[in-house]
Amino acid sequence: MHSSHAEMSGGWSIMLIRKAVTTDIPQLIKFRKILLCHEDNSSMDEIFRNYFDSSLSDKSLVVWVADDEGVVVSTVCFCICRFAPRFENPSGLVAYTTNVFTIPDYRRQGIVSKLVSEAIDDLKTQGIGKILLHSSDMAKSMYENLGFVEGKNYMSINI
Ligand SMILES: CC(C)(COP(=O)(O)OP(=O)(O)OC[C@H]1O[C@@H](n2cnc3c(N)ncnc32)[C@H](O)[C@@H]1OP(=O)(O)O)[C@@H](O)C(=O)NCCC(=O)NCCS
């Protein structure tokens, strides 16, 4: 049976791999603003807060985080979208990946790879058949190693 918690040991610490809860929202907003190159701009904070709050509670957003002794150091978010059914994906449910970020000091330890692998197992149990993403140049080979395939407009994996 799949658990929504896992542990990962890297050097000196044990990282908790878990789904995000509402108390993680400030860190999700911080990472989102860094990714959008608006780290010091607080003008959209309430909009981001409402988005994460409502989409986490109605489960249209699934977020996995790596938690190092209470500090969220890495996130991967999946927006769950329902398209028309396809033969290879009868539910029509597709996860679009966003807000993929690891704090610089924690990079290249396999954290996002672990988050995505855990998330894939979990998304499968929810009947989701495909994951899509637009990759940064930095992340492309990591996604390829995870089995994502480069398409015309996006990378994807059937799960
Ligand atoms: C891209 C990013 C999310 C990767 O996060 P990460 O936690 O470092 O990811 P991983 O450690 O799983 O994988 C990154 C690389 O480290 C390598 N790696 C994993 N464990 C390792 C280890 N123990 N020792 C050395 N290298 C390791 C992986 O093979 C991968 O290598 P590659 O890029 O050459 O393919 C992170 O660098 C980041 O936040 N970048 C800025 C934002 C960004 O680009 N986001 C992605 C948007 S699509």
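With a sphere of radius 12 Å drawn around the Cβ of Val149, what net charge do the other residues whose Cβ falls strictly inside it have (Lys, Arg +1; Asp, Glu -1)?
Values: positive: Lys130, Lys140, Lys152; negative: Glu144, Glu150.
Combined, the nearby Lys, Arg, Asp and Glu give +1.
Summing +1 for each Lys or Arg and -1 for each Asp or Glu, what net charge is found among the other residues whose Cβ lies under 13 Å from the Cβ of Asp122?
Numbers: positive: Arg18, Lys19, Lys59, Lys114, Lys124; negative: Glu118, Asp121.
Once positives and negatives cancel, what remains is +3.
Taking H as built 1.01 Å from N, whose amide H comes closer than 5 Å to the amide H of Met15, not counting residues under 5 places away?
Answer set, sorted by chain and number: Met8, Ser9, Gly10.
Which whole-angstrom value gives the distance between the alpha carbon centres of region 14-61 and region 98-116?
Their Cα centres are 16 Å away from one another.
Can you sort Phe48, Phe83 by how many other beta carbons sit within 10 Å, fewest first? Walk me through the numbers before you get to the answer.
Numbers: Phe48 18, Phe83 11.
Going from least to most buried by this count: Phe83, Phe48.
Give me, ordered by chain and number, the residues 5 or more places off Val100 or on other chains with an amide H under 5 Å from its own placed amide H.
HN-HN under 5 Å from Val100: Cys77.
Please list, in chain and number order, the residues 5+ apart from Ile128 or on another chain whose amide H is under 5 Å from its amide H, with Hs placed from the backbone.
none
Using θ = phi - 60° and the Karplus form 6.51 cos²θ - 1.76 cosθ + 1.60, what ³J(HN,Hα) does each residue of region 88-102 get, whole Hz, x for Gly and Pro?
Values, residue by residue: 8, 8, x, 6, x, 7, 10, 9, 9, 8, 8, 6, 8, 7, 10 Hz.
For Ser136 and Leu16, compute 0.36 nm times the residue count separating them, minus their Cα-Cα distance, and round to one decimal in nm.
Details: separation 120, 0.36 × 120 = 43.20 nm, distance 2.54 nm.
Fully extending the segment from Ser136 to Leu16 adds 40.7 nm.
How big is the chain by Rg and Dmax over its Cα atoms, in Å?
Final numbers for Rg and Dmax: 15.4, 47 Å.
Which lysines does Lys152 reach when only Cα atoms under 27 Å apart count, and residues fewer than 8 places away in its own chain are ignored?
Reachable lysines: Lys114, Lys124, Lys130, Lys140.
Filter the GluC sites (Glu not before Pro) in region 57-159 down to the DSSP loop ones having no more than 10 other Cβ atoms within 10 Å, then list what survives.
On the way: sites: Glu69, Glu88, Glu118, Glu144, Glu150; in loops: Glu69, Glu88.
Sites meeting the loop and neighbour criteria: Glu69, Glu88.
For every helix of n ≥ 4 consecutive DSSP H residues, a contribution of -39,500 (n - 2.57) applies; sum these over the chain, divide by its total residues, and give [θ] at 222 nm rounded to the nearest 500 deg cm²/dmol.
Values: 4 runs with 45 residues, N = 159.
Calculated mean residue ellipticity at 222 nm is -8500 deg cm²/dmol.
Only the coordinates and a few stated rules stand behind these numbers; no lab work does. Bear in mind the structure is a predicted one, so any value in this text is a computation, not a measurement. We place every Cβ from the backbone using ideal geometry, glycine too, and count neighbours over all the protein chains shown.
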